[in-house]
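Please read the structure below before turning to the comments.
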Amino acid sequence: PDRSLSPTTPHDSAACLLCVAVSTPAHSGVGEPLSYASPRPLPAGTLVRVPLGAREVLGVVWDAPAELAALPPGMVPRTVAGVLEGVAPLDAAWRRLVSFAARYYQRAVGEVALAALPPQLRDLTPEQLARRLRRPAPPAHPSEAVAKTIALTAEQASATAQIDAERGPFLLFGSTGSGKTEVYLHCVQRALAGHPAAQALVMVPEINLTPQLEARFRERFAPLYGEAAVVSMHSGMTPAQRLKSWLAAHTGAARIVLGTRMAVFASLPGLALVVVDEEHDASYKQQEGARYSARDLALWRGREQGAKVILGSATPSLESWHASTPASEGGPGRYLRLHMPSRIGSGDGAGTGELPRVRLVDMGQQPRSSGAGGVFSPPLLAAITERVQRGEQCLVLLNRRGFAPVLHCHDCSWKSDCPHCSAHQVFHKSDRTLRCHHCGFTQRVPRACPSCGNPDILPLGRGTEQLEEQLAALLRNVITPDRRAARVARIDADTTRAKGALEEQLAQVHSGEVDVLVGTQMVAKGHDFRRITLVAAVQPDGALFSSDFRAPERMFALLMQAAGRAGRDARYVAAQGSPPEMWIQTWHPDHAVYAALRRHDYPAFAARQLAERQEAGMPPFAYQALVRADARTQEAAQAFLQAASDAARAAGLPGLDQVFLFPPVPLAIQRVANVERAQMLLESPQRGALQRFLAAWQPLLHAERPRHRGLVRWLVDVDPQAI
Ligand code: ADP
Ligand code: ZN
Ligand code: ZN
């Protein structure tokens, strides 16, 4: 059938009127579901194909608002083109989640609903659907008794007992290697056993970086419920895989869904448990479209659907830490905090062992240039050399990829600025290019300074590529116990672009082909490296003085996580006789952040940060939203924001007395790909007041838009993660 010629039969009085959520173009101003006619009534949640403009699109029959019957005179609704027979309607809990998310994050219901559904659904014929829904049958006699279980440690047993007994939500605060994953496995098993329709959702920040987690869930649950009962959901999947997982979750065939932030919107009619692992991770916040926080939505969904929610982290977000501070300590006590301080096997040499000792190198006391380039202080270099000579592995962390952040001419001060952004182009030595990390603009490195012709243009600052090169040179003559030269390798976004490249490079580390691994934060996350005994952060100071108030929190989490990569195998550490170490090179060794890190003392760090935030009236003691405007000129961007702000005041919007509107300012990186960017911060001590204000403001923002010709787009970011 030709779908572009969708029937637009005139409205006949016998037909029913339906409200259908469809994905309308962003900022069309069409916020609510649209009206369609249908020859027969369809329950809310039914998946349908409907005409929209010249296209036929997927839609969801939505709960009809009261005023739907009164269609404006002369308006004739178009008719639903088809129903996806065989797919059960999306349940009320799912629709409530979508409605809430749309309302809270200031987007259209249809946009949120349709972004949560696999696009391939639209084109499924009933036959294809029937075929898809046939899947391997679960094991004939799923015996929950044969479940492989590990004897829990006392800390794990106490945590699981509380999760069993209380309603939650829970914040599982456990060191890296304390056995949090084992607690999740245990709780999932408890939630599913004896409840044939129960489902669990386990969310992780980036699934590609945690293949081990998926393997553990599969190993534990496939024997119980069949291979098909464990499915993944993440953006790296093909559309066909995504459809398959979605249908499995929707029909209940999938008992366990492992996924990234998008999985929070999965249709899970039997949801009984939600786990949000590494709950502090910034990747739970969607950064385009509806800018939702999957962690926050998980909490909301769990409460609505009566599912328990476990947030887990060794370095919780300050929001969650605050929310889990008990009333007895003056906190709100909204979450129940469960503490697992000990690493598995510490003491008996059979697990991940002790946390590494943190050593600070005071860069102010080091010779100004130690050898080639001078990134590595002599004591750190000596420590790395020693480890490599003993056959152990080291991890060196730097948060900037490329060779150097900028090329520079000492004669005329020319810098390799991106012509399209207010940022430098980063020098990548391996392919002799200058690349902008914001817009992607790439050029060949010029032979001489484009401004004055000086042939000696030099790299300024350091990236991972340079670190790798320098370290390889410094370790040139170092020999490993198996009598080969030391090998340095790098893992970052540049080396892992190709599919499978990351896995391949990690395999080389695991097999011991690599002695020193240089990388960005990518390598600090989750990997179970067995032979790494030393981790070093060579230049972490920048985060201490960032304009983003969350920078220290993120840095602390990253360094704690990186520290967790060292000494993961207590037997190996014991056999080698070399205790794990975390080295930090800093110009500010007395900084409180490092003092807390040195003692692995997250609570002390959090207490201090929270006190500062409270003093300054910042989250979690205040609620924020950003309105951002992109325009041809900075003036146009700011003018839109100013006009929107003025309009809000003139209209005397509700909540205004409790919402503070800051003046418009340029973003830290003001221009990207020739677009000027400005933002305006809104802050309120009351979440409800901010929400009321934003809802009332939305129509004024839409109305303001056509008056600003240079404006490219605007957006609202509720609970922004980066200011
Ligand atoms: P986390 O998720 O907190 O980093 P894991 O659950 O991965 O910790 O546990 C760390 C290591 O200890 C893993 O190798 C895991 O198999 C092992 N482990 C966890 N719990 C136990 C236990 N109760 N007994 C023995 N080993 C355990
Ligand atoms: Zn650029
Ligand atoms: Zn020059």
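Since every read-out is calculated from the coordinates, none of them should be taken as a lab result. Note that the coordinates shown come from a computational prediction; the quantities given were computed from them, not determined experimentally. Positions of Cβ are backbone-derived with ideal geometry, glycine not excepted, and every protein chain shown enters the neighbour counts.
Below, the figures for the structure above:
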{"item": "Ordering of 306-319, 623-636 by burial proxy (mean other Cβ atoms within 10 Å per residue, highest first)", "result": "306-319, 623-636"}
{"item": "Rounded FRET efficiency, nearest 0.05, which uses the C-beta distance separating Ala161 from Arg135 and R0 of 25 Å", "result": "0.10"}
{"item": "Rg in Å to one decimal, and Dmax rounded to a whole Å, for the chain via C-alpha atoms", "result": "27.7, 88"}
{"item": "Shape category assigned to segment 615-684 from the gyration tensor of Cα positions, a/c cut at 1.5", "result": "oblate"}
{"item": "Highest-first arrangement of 190-196, 529-535, 114-120, where packing means the average Cβ count within 10 Å", "result": "529-535, 114-120, 190-196"}
{"item": "FRET E, pair Asp601, Asp123, Förster distance 51 Å, beta-carbon r, rounded to 0.05", "result": "0.40"}
{"item": "Square roots of five times the Cα gyration tensor eigenvalues for segment 197-337, Å", "result": "26, 16, 14"}
{"item": "Net lengthening on full extension, Gln212/Asp548 (0.36 nm per residue, minus Cα-Cα)", "result": "117.7 nm"}
{"item": "Cα-based reach from Lys525 at 23 Å (exclusive), listing lysines while leaving out same-chain residues under 8 positions away", "result": "Lys180, Lys285, Lys499"}
{"item": "Gain upon complete extension [Ile669, Gln443; 0.36 nm per residue less C-alpha separation]", "result": "79.3 nm"}
{"item": "In degrees, nearest ten, helix 602-616 long axis to first principal axis of the chain (Cα)", "result": "60"}
{"item": "Contact order relative to length of segment 431-577, as percent, for alpha carbon pairs under 8 angstrom and 6 or more apart", "result": "16"}
{"item": "Whole-number D in µm²/s for segment 504-576 (Stokes-Einstein; Kirkwood sum over Cα pairs; 37 °C, 0.692 mPa s)", "result": "243"}
{"item": "Principal-axis tilt of helix 464-474 within the chain, Cα atoms, nearest 10 degrees", "result": "20"}
{"item": "Charge dipole (debye, nearest 20) of the chain; +1 at Cβ of Lys and Arg, -1 at Cβ of Asp and Glu", "result": "920"}
{"item": "At R0 = 22 Å, FRET efficiency that the Cβ-Cβ distance of Asn454 and Asp431 yields, to 0.05", "result": "0.45"}
{"item": "Acute angle (nearest 10 degrees) that the helix 239-251 long axis makes with the longest principal axis of the chain, alpha-carbon atoms", "result": "70"}
{"item": "Three-way shape call for segment 257-315 based on the alpha-carbon gyration tensor, with the a/c threshold at 1.5", "result": "oblate"}
{"item": "Cross-link partners of Lys415 among lysines (Cα-Cα below 19 Å; sequence separation of 8 or more within a chain)", "result": "Lys429"}
{"item": "Where labels lie 7 Å past Cα in the beta-carbon direction, separation of His339 and Gln389 in nm", "result": "4.2"}
{"item": "Helix-only mean residue ellipticity at 222 nm for the chain, each DSSP H run of n ≥ 4 adding -39500 (n - 2.57), per residue, nearest 500", "result": "-9000 deg cm²/dmol"}
